[in-house]
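Data block below; observations after.
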Amino acid sequence: MTATILDGKAIAAKVRKEVAERASAFRIRHGRLVGLEVVLVGDDAASVVYTRNKAKACEEAGMRGVLHRMPASSSTQDVLAKVRGLVADASVDGVLVQLPLPKHIDTTAVLDAVAPEKDVDGFHPVNVGRLASGRPCLVSCTPAGCMRLLDETGVSLAGARAVVVGRSTIVGKPMAQLLLARDATVTIAHSKTRDLGDVVREAEIVVAAVGRPALVRGDWIRPGAVVIDVGINRNDDGKLVGDVDFAGAVERASWITPVPGGVGPMTIAMLLANTVQAAEAAVAS
Ligand code: NDP
């Protein structure tokens with residue numbers, strides 16, 4: 001079997017079009033743009049690019065995307081004051097603080113200052129708790145994007161054996177919660193898991209979110225499995241690769257995401273979707 005490639009760019013474009021339609025309907029009905037405010041502290045080169053892309057993506061979807069840059073020397077209090085000001089503004093629907101913050105800043109305090117209803121990254125403990133208890137919430141963008149990719153395959157998740165490799169708060173754990181909420185039988189593997197290959201071989205759905213090139217070997221993939229590769233790594237040749245040995249896995253899987261062009265484009269699309277969801281919820285309440 002050779003897998004069908006799950007084209008994240010094309011699916012993300014579809015999500016962004018849906019978001020643009022909802023944002024336009026919101027503007028017509030409520031007389032203002034859906035608004036996302038992005039806070040960037042410091043000059044980390046990758047973060048500068050990511051935050052600019054987020055603001056630009058908002059504008060392309062007919063939303064307001066504003067980037068607030070703060071010096072690396074800002075204190076926790078400075079950042080808290082900025083975040084609290086944005087949260088208090090009724091015209092602001094989503095507030096995102098770009099991570100990582102400089103080391104001297106209390107990241108937990110800053111993330112907790114983003115009101116749950118404007119927490120479009122889905123990192124606030126209230127959203128994490130609501131997800132764990134199966135209640136509606138804003139869901140972390142990358143796992144939300146993975147679910148959308150899985151939905152595009154049409155493969156039934158109910159009763160399926162799913163293995164999530166990685167247990168971070170941002171990807172692995174919420175991914176497992178989302179799969180569980182859709183009635184998959186979920187195993188979470190991590191760095192202490194024994195015999196990872198045996199665990200992955202059981203899986204009809206594999207989500208790899210580790211950050212190690214080709215950790216998941218092609219011969220571990222159960223024939224016909226769906227493989228979602230979240231990892232973004234540079235291999236020894238400087239090429240971007242995922243956590244799954246793509247060349248091996250593509251011969252066995254039914255569906256597989258490429259890296260780049262799989263999960264990556266979905267993350268920003270789901271950020272836009274979360275922002276419009278937050279705006280719609282704010283006017284409905
Ligand atoms: P973290 O470093 O926070 O978590 C990595 C997880 O992998 C941990 O749970 C760790 O286990 C586990 N792990 C490490 N080594 C092994 C191993 N040998 N076997 C099994 N599990 C292992 O990473 P993130 O979750 O933030 O990100 C994961 C990857 O996804 C990275 O490559 C990142 O760049 C990428 N990413 C991509 C995004 C996108 O938009 N496409 C967005 C976010 C992340 P333990 O808990 O025991 O330490």
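Looking only at segment 156-171, residues that are within 11 Å of the ligand (Cβ to nearest atom) and among the aliphatic types (A, V, I, L, M) come to 5 in all. Just to be sure before I move on: is Ala181 buried (at least 18 other Cβ atoms within 10 Å of the Cβ) and out of contact with any Cys (no Cβ under 7 Å at 6 or more places or on another chain) in the structure I sent? Here the answer is no, as Ala181 does not meet what is asked. Scanning segment 218-252 for residues that are surrounded by fewer than 15 Cβ atoms within 10 Å (Cβ to Cβ) and basic (Lys, Arg) returns Arg234, Lys239. Within segment 129-170, restricting attention to residues that are of a type in the set (Val, Ile, Thr) and surrounded by 15 or more Cβ atoms within 10 Å (Cβ to Cβ), which residue is farthest from Leu86 (Cα to Cα)? Once the filter is applied, the top-ranked residue is Val155. If you take the residues in segment 177-217 that are of a type in the set (S, T, N, Q) and more than 19 Å from the chain's Cα centre (by Cα), which one is nearest to Arg148 (Cα to Cα)? Among those residues, the one meeting the criterion is Thr185. For segment 214-255, a residue qualifies if it is within 16 Å of the ligand (Cβ to nearest atom), without any contact (Cβ under 8 Å) to a residue 60 or more places away in the chain and in contact with a Ser or Thr (Cβ under 8 Å, 6 or more places away or on another chain), and the qualifying residues are Asp229, Gly242. Of all residues in segment 172-192, those satisfying the criterion of being out of contact with any strand residue (DSSP E or B) (no Cβ under 8 Å at 6 or more places or on another chain) and within 6 Å of the ligand (Cβ to nearest atom) are Ser191, Lys192. Taken over segment 71-94, the criterion of being under 11 Å from Val38 (Cα atoms) and of a type in the set (A, V, I, L, M, F, W, C) is satisfied by Val83, Leu86, Val92.
Only one entry of Met70, Met1 meets the criterion of being at pLDDT below 95 and not assigned by TED's automatic domain parsing to the domain that holds Arg252, and that entry is Met1.
The values are calculated or read from the model by the stated rules, or taken from the named source; none is laboratory data. The model shown is predicted, which means the values in this text are computed figures rather than measured ones. When we count neighbours, we look across all protein chains shown, and the Cβ atoms used for this are built from the backbone with ideal geometry, even at glycine.
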